[in-house]
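Here the structure is laid out as structure tokens; the discussion comes afterwards.
Any read-out appearing in this document is the output of simple, stated calculations on the displayed coordinates, not a laboratory observation. Keep in mind it's a predicted model, so treat the numbers as computed, not measured. Here the Cβ is made from the backbone with ideal geometry for all residues, glycine too, and neighbour counts use every protein chain on show.
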Amino acid sequence: MAPGVTNSFGIMRNFIRFIIRYHFLFLFLLFETFCFYLLINYNHRHQETFINSSGKVVASFLEISGTFKDYVSLRRANEELSRENALLRTQIPENIPSISEPKLARQESDDLFIYQYRAGKVINNSVHRAHNFITINKGSKHGIAPEMGVISARGLVGIVRHVSPNYSTAISLLNNQFRVSAKLRDSNYFGVLEWDGKSYQHAILTEIPGHAPVSTGDAIVTSGYSTIFPEGILIGTIEDYQLHQGEGFYEIRVKLSVDFKNLTYVEVVEKTSGEEQKQLENLMQND
């Protein structure tokens, strides 16, 4: 007899043995099912209870299924929202040159926008080093270049340092080499902000004059005095401050608005006229 036929007979023999061994259990289940059927079909009270209970089970299953589908599609939704947010930032009124500017000057700006925003996703991040950085899943072929700013929906993140065709790395605000011009949003007094090197939630703002109005909870934003970040990007709020009498300046402890331990989607900022501004300022420094 062929080996295949022998195997088929063996499987069938084992199946029959299984049925014979547990035939009492199968008969019991069969009778239970039949009795349950009779009880439901010929007893209206039990029938209503069964329908209500089964409806709840089905509804719960559908709810769980819907939640799972929402979770699966959440990543795509977040990416779409990030792209839309970048586009909306580009189209805000203060980001568009005035119509009164000469036609030639307006043509030289990229698509008539002072700043352009490109959405990206953080694929690597560090917060416990002296020189922390993030990696973004967008590179030179997406228009990313060194010295571009990086922000998120919550505020300032960092500055692009290195770029490859598909990826870019940026030093985050949590980096000893990072410094940015920042100001008190309500009074416009500006100073220099840098990481305190200790907590991923705090930075230090200095060079704010002693006569400036300072209060706990005041917002700290970018000053706009650079070719990297637009004015008014949120950095954080004042948590504590002290006045150095001998120097006449405040040292302000800032609670950062960005949670760097929960950073996923960012936007890379490009100032389209930034290179022209740099060249002109370099001339002044060399005089």
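Residues Glu270, Glu147, ranked from the fewest to the most other C-beta atoms within 10 Å, line up as Glu147, Glu270. For the stretch 189-232, which chymotrypsin sites (Phe, Trp or Tyr not before Pro) are both in a DSSP coil and crowded by at most 13 other Cβ atoms within 10 Å? Sparse-neighbourhood loop chymotrypsin sites (Phe, Trp or Tyr not before Pro): Tyr225.
Taking each of Lys141/Lys271; Lys141/Lys183; Lys141/Lys198; Lys198/Lys271; Lys121/Lys271 in turn, the alpha-carbon distance tops 28 angstrom for Lys141/Lys183; Lys141/Lys198; Lys198/Lys271. Temperature 10 °C, viscosity 1.306 mPa s: under these conditions the Stokes-Einstein estimate for the stretch 93-274, based on its Kirkwood radius over C-alpha pairs, is 93 µm² per second. In this structure, the amide hydrogen of Arg161, modeled 1.01 Å from its nitrogen in the peptide plane, lies closer than 5 angstrom to those of Glu147, Thr169, Ala170, Ile171, counting only residues at least 5 positions away or on a different chain.
Of the GluC sites (Glu not before Pro) found in the stretch 161-241, those that fall in a DSSP loop while having at most 16 other beta-carbon atoms within 10 Å are Glu231.
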